[in-house]
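Enquirer: Take a look at the following structure, please.
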């Protein structure tokens, strides 16, 4: 569990681990990533929880630090502001033990927006995967599918340690999307299996790192790098439909640009919409939003303040 200034949330997350309906022994490692709040004190108050500390380096480095200390043959991940459902571990590990040729088991997750921080008053919105993707990822090679959609969420997975040893650790150059990159690499190495039940709750709150516009789309970078390294066909020879891939690349560019248009830099937005057009030139919306972003980028960042009267 990577943790950075999660003092308000981490107790809920740790309680959800300790409440698991799982008969096996758990090794719980929390890596404090240079927090300046009471995260360490809150986490240290729990029995059976080992807290490791490092200077702030981001979630990828924190997960890597934990993996270097972990002794278990099966690894599960949970962020310090999210929860597991009570049967989460048992259902995933049971599937992993049943299928010796599977290296990663993943379940579904639900978006979780608690009212006033209460777990009792919340709205769960189950994550629905695209119909064209879900049937193909029950058990097997999922490389083409994972390029089209980041269907494997890190808080909903269990991974064999042998997979981590084979593909390497998380990429610390990525501030976000490091988990997506990790599971794309895993999909080149092993088979996956999907447990069709919600195993984790993904907390929605304003301080979430994924809600802050990034200078570039790490998701787009991860997919582009995978295509350059592996191509668009899976280890089993299945080829990704070129039209679906073009739409996927267009959508990543468009979504990143739209985020900047509303909450970030309009110049980055304009560049992103142009990239979306290059991937899929027949989407009229991309052209319209590109023009809007260009106009917005020409406006002054802020109006000069009128001098105050003395």
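Enquirer: Quote the relative contact order of segment 241-298 in percent (integer), defining contacts as alpha-carbon pairs under 8 Å separated by 6+ residues.
Expert: Once divided by the residue count of segment 241-298, the mean separation gives 35 percent.
Enquirer: Further, regarding this structure: Between residue 189 and residue 57, what FRET efficiency follows from the Cβ-Cβ distance if R0 is 35 Å, with the result rounded to 0.05?
Expert: After rounding to 0.05, the efficiency reads 0.85.
Enquirer: Another question, then. Mind computing the radius of gyration and Dmax over the alpha-carbon atoms of segment 143-279? Å is fine for both.
Expert: Values for segment 143-279 (Cα only, Rg and Dmax): 15.8, 44 Å.
Enquirer: For a quick check: sort 176, 113 by the number of other beta carbons within 10 angstrom, fewest at the front.
Expert: 113, 176
Enquirer: Between residue 242 and residue 263, how many nm apart are label points set 7 Å from Cα along the C-beta direction?
Expert: 3.7 nm
Enquirer: I need the Debye-formula profile for segment 241-298: one equal scatterer per C-alpha, no solvent, reported as log10 I(q)/I(0) at q = 0.23, 0.29, 0.30 1/Å, two decimals.
Expert: Calculated log10 I(q)/I(0) at the listed q: -0.75, -1.08, -1.13.
Enquirer: Please work out how much length the chain gains when fully extended from residue 282 to residue 100, using 0.36 nm per residue of separation minus the C-alpha to C-alpha distance, in nm with one decimal.
Expert: 61.0 nm
Enquirer: Using only alpha carbon pairs under 8 Å that are at least six residues apart, calculate the relative contact order of the chain and give it in whole percent.
Expert: Relative CO of the chain lands at 17 percent.
Enquirer: Is it possible to state the helix-based mean residue ellipticity at 222 nm for the chain, with each DSSP H run of 4+ residues giving -39500 (n - 2.57), the sum divided by total residues, to the nearest 500 deg cm²/dmol? What is it?
Expert: -12500 deg cm²/dmol
Laboratory data are not the source of any read-out in this text; all were calculated from the coordinates shown. Please read all numbers here as calculations on a predicted model, not as lab measurements. Cβ coordinates were reconstructed from backbone atoms using ideal geometry, including for glycine residues, and neighbour counts include every protein chain displayed.
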